[in-house]
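Worksheet: one structure, shown below.
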Amino acid sequence: MKKQVWPPPGLTQDLVEKLEKRLGRLHVRQRLGIERDYEAHVFGHGINFFHIENWYSIHSVIRNILKLTGLYWRGCRNAASIEIRHHHVKFPELPRSFDGFTILHLSDMHVDISRDAMQRLIELLPTVRYDACVLTGDFRGNTFGPFDAALDGLARVRTHLKDPVYAVLGNHDTVCMVPGMEEMRIRMLMNEVETIIRGSQRIHLAGIDDAHYYRVDNIEKAASQVPHDEFSILLSHTPEIYRQAAHADFNLLLSGHTHGGQICLPGSIPITLDSVLPRRMGSGSWRYHDMVGYTSAGAGTVVVPVRLNCLPEMTLHHLQCA
């Protein structure tokens with residue numbers, strides 16, 4: 001049996017040591033190993049075997065069909081028309097000190113291929129007020145290959161974000177981005193928990209690694225760091241782990257991944273969500289048992305730079321005591 005080359009080709013020993021020190025040897029070996037396997041197969045692993053964003057010959061087909069129907073350029077304009085959405089949600093368990101606490105939620109920015117949308121996002125950010133910002137993954141356009149352009153684009157957005165900023169990786173992101181993102185003062189939550197304190201009260205913000213392609217999420221590890229009966233929020237790139245999150249007693253799940261369909265039929269009916277979950281969870285607010293969930297339609301685009309009947313969004317979650 002051929003022994004795995006370590007560190008993987010193209011990665012420096014210094015970067016691998018940084019990742020192992022930050023995340024632990026096992027997590028890094030698993031994540032990088034699966035990333036390399038994924039790159040070799042292209043169509044990849046995950047809950048869904050086939051992923052349309054990796055079937056590059058279909059991209060031009062979709063683009064040409066949209067141009068023939070006259071929808072392409074309208075869709076391009078829509079892709080940069082980011083909406084500010086407000087999600088007011090009440091919780092009996094929310095500590096009184098956090099009544100009115102507001103979270104800015106950005107997802108699926110794909111910063112290196114969604115430049116017009118990112119410019120519009122930068123213009124909008126000074127107009128909104130919030131107490132913390134969360135980023136639920138997919139910072140890179142492609143699902144493999146170089147990531148420097150994604151980090152550069154994210155750095156430009158980061159200068160317009162108010163501290164603190166928390167994030168999780170998506171299925172388009174490599175774990176090699178973690179050191180660069182943390183150098184930007186983005187607190188990466190890799191199956192980890194951060195506690196936010198106001199006065200004598202606190203809430204807990206957990207985040208898991210990607211559960212869609214790489215399957216290195218560990219909700220049990222994250223949930224074990226939250227004291228029983230204290231208010232907790234889970235960040236996950238994909239909402240597909242809604243069952244596990246609800247039964248782990250998280251109060252709120254914030255996610256993205258679906259793009260809300262990105263290209264939808266009239267009435268915002270998605271053609272595909274590239275996810276295994278009920279369609280009602282494909283975008284916006286929903287509930288599962290006692291847990292509230294919110295799936296962002298995202299700020300960027302993939303496959304084609306077009307949105308139809310599904311505008312991009314930045315979301316402000318306003319937490320209120322019931």
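General remarks:
- Computed label-point distance, nm, for sites ARG156 and GLU220 using a 7 Å Cα→Cβ extension: 4.4 nm
- For region 188-322: rounded, prolate or oblate by the Cα gyration tensor [a/c cutoff 1.5]: prolate
- DSSP H segments from the chain that extend 18 Å or more along their own axis, Cα-based, with Kyte-Doolittle mean of 0.0 or above: 56-69
- Value of [θ]222 nm, deg cm²/dmol, for the chain, DSSP H segments ≥ 4, -39500 (n - 2.57) each, nearest 500: -8000 deg cm²/dmol
- Global size of region 52-321: 17.7, 61 Å for Rg and Dmax (C-alpha atoms, Rg to one decimal, Dmax whole).
- In summary, the aspartates and glutamates within cross-link reach of LYS221, defined as a Cα separation below 19 angstrom excluding same-chain residues under 8 places away, comprise GLU20, GLU192, GLU194, ASP209, ASP210, ASP229, GLU230, GLU240, ASP249.
- Estimated at 0.36 nm per residue, the fully extended path between ARG115 and GLN201 surpasses their Cα-Cα distance by 27.0 nm.
- Full extension of the chain segment joining ALA149 with ARG243 gains 30.3 nm, where the gain is 0.36 nm per residue of separation less the Cα-Cα distance.
- Modelled label reach - HIS86, point 7 Å along Cα→Cβ, region 111-151 residues with backbone N closer than 15 Å: 127-131
- Remark: the chain carries a charge dipole of roughly 500 debye about the Cα centre, counting +1 on each Lys and Arg Cβ and -1 on each Asp and Glu Cβ.
- In terms of packing, defined here as the mean over residues of other Cβ atoms within 10 angstrom, the peptides 119-130, 256-267, 177-188 line up highest first as 256-267, 177-188, 119-130.
- Positive end of the dipole of region 52-321 (Cβ unit charges, origin at the Cα centre): among THR102, MET281, HIS86, the Cα lying farthest that way belongs to HIS86.
- Rg [Å, one decimal], Dmax [Å, integer] - region 94-211, C-alpha atoms: 14.6, 46
Every number here is computed from the coordinates shown, using simple stated rules; none is lab data. For clarity, every value in this text was computed on a predicted model and none was experimentally measured. Positions of Cβ are generated from backbone atoms using ideal geometry, with glycine treated the same way; all protein chains shown enter the neighbour counts.
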